Amino acid sequence: MIGILNYGMGNIGSIFNILRYVGCKSIIVEKSDDLKNIDKLILPGVGHFGEAMKKINEIPELVETLNFLAKDRKIPILGICLGMQLLTDFSEEGNVPGLSWIRGKTYKFPILQNLKIPHMGWNTIKQKIDIPLTSEIGYEDRYYFVHSYYVKVLDKASSMMTTNYGIDFDSGIINKEENIFGVQFHPEKSHKFGIKIFKNFIKI
């Protein structure tokens with residue numbers, strides 16, 4: 001069973017519906033006890049990093065339970081958009097620490113000529129490693145992005161995919177144990193290309 005974490009800042013309904021569309025049952029989890037019976041977890045997120053971490057920390061025993069699932073049980077976890085940024089050590093958006101499951105930091109996009117911030121719309125990815133989550137993904141596949149902050153991992157081995165928007169940034173990240181993944185784009189808004197991500201995640 002896939003759990004979708006609802007801490008008040010995510011496209012919960014869209015992700016639930018796309019999982020149902022591809023034939024996968026999921027449940028929306030809102031407290032630590034709800035996480036006991038799941039096999040996989042999706043960590044969505046839309047909005048401000050600092051506010052997101054505040055909400056997560058306000059839910060009793062949630063961080064402890066999430067750490068247990070990620071580090072001890074090592075269940076597959078997928079962070080989406082802000083949810084991916086929360087996997088990192090720190091963000092300039094609020095200047096607060098994240099979950100620190102993948103070594104890296106989240107930075108504000110620099111002001112670049114002729115490029116609007118936020119980075120919004122369709123863009124491509126460059127796959128860096130060959131893993132089950134990225135199976136059958138092509139270089140011409142396009143994904144939908146909406147973000148003003150970007151991630152850079154500390155270890156190149158943690159870079160699953162990159163994207164260019166004036167600068168190269170890590171649009172997909174992974175931990176050493178290969179059970180925690182993050183994607184900066186919104187697969188639930190990326191049509192057939194995003195469906196590939198969800199189908200691959202279900203198979204892991």
Contacts under 7 angstrom Cβ, first residue in segment 107-118 being closer than 11 Å to E92 by Cβ, partner among the charged types (D, E, K, R) and in a strand (DSSP E or B), 6 or more apart:
Y107/K152
Among the listed residues I56, I102, identify the single one that is among the hydrophobic types (A, V, I, L, M, F, W, C), in contact (Cβ under 8 Å) with a residue 12 or more places away in the chain and in contact with a Ser or Thr (Cβ under 7 Å, 6 or more places away or on another chain).
I102
One residue from P110, P60 being surrounded by fewer than 18 Cβ atoms within 10 Å (Cβ to Cβ), at pLDDT below 95 and either more than 21 Å from D170 (Cβ to Cβ) or in contact with a Lys or Arg (Cβ under 9 Å, 6 or more places away or on another chain) (or both):
P60
Filtering segment 72-121 down to residues that are more than 12 Å from the chain's Cα centre (by Cα) and part of a helix (DSSP H, G or I), which residue is nearest to L154 (Cα to Cα)?
D72
If F90 passes every condition in (1) more than 26 Å from G13 (Cα to Cα); (2) touching an Asp or Glu at 6+ places or on another chain (Cβ under 8 Å); (3) surrounded by fewer than 21 Cβ atoms within 10 Å (Cβ to Cβ) but one, which one does it miss?
(2)
Complete set of residues in segment 140-154 that are over 25 Å from G50 (Cβ atoms) and either under 12 Å from the mean Cα position of the chain (by Cα) or touching a residue at least 24 places away in the same chain (Cβ under 8 Å) (or both):
D141, R142, Y143
I'm trying to understand the selection: among the residues of segment 21-32, which are surrounded by fewer than 12 Cβ atoms within 10 Å (Cβ to Cβ) and without any contact (Cβ under 8 Å) to a residue 60 or more places away in the chain?
G23, K25
All conditions in (1) surrounded by 13 or more Cβ atoms within 10 Å (Cβ to Cβ); (2) touching a strand residue (DSSP E or B) at 6+ places or on another chain (Cβ under 6 Å); (3) not β-branched (V, I, T) are true of L99 except (2)
Selection from segment 16-56 of residues that are under 19 Å from I197 (Cβ atoms), part of a helix (DSSP H, G or I) and in contact with a Phe, Trp or Tyr (Cβ under 8 Å, 6 or more places away or on another chain):
I18, L19
Does L35 qualify as being touching a Leu at 6+ places or on another chain (Cβ under 6 Å) and either among the hydrophobic types (A, V, I, L, M, F, W, C) or modelled with pLDDT of 90 or more (or both)?
no
Determine which member of the set D130, D89 is charged (D, E, K, R) and within 19 Å of H48 (Cα to Cα).
D89
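The values are calculated or read from the model by the stated rules, or taken from the named source; none is laboratory data. Note that the structure is predicted; figures quoted are calculated from it, not measured. Every residue, glycine as well, gets a Cβ built from its backbone with ideal geometry; the counts of neighbours run over all protein chains shown.
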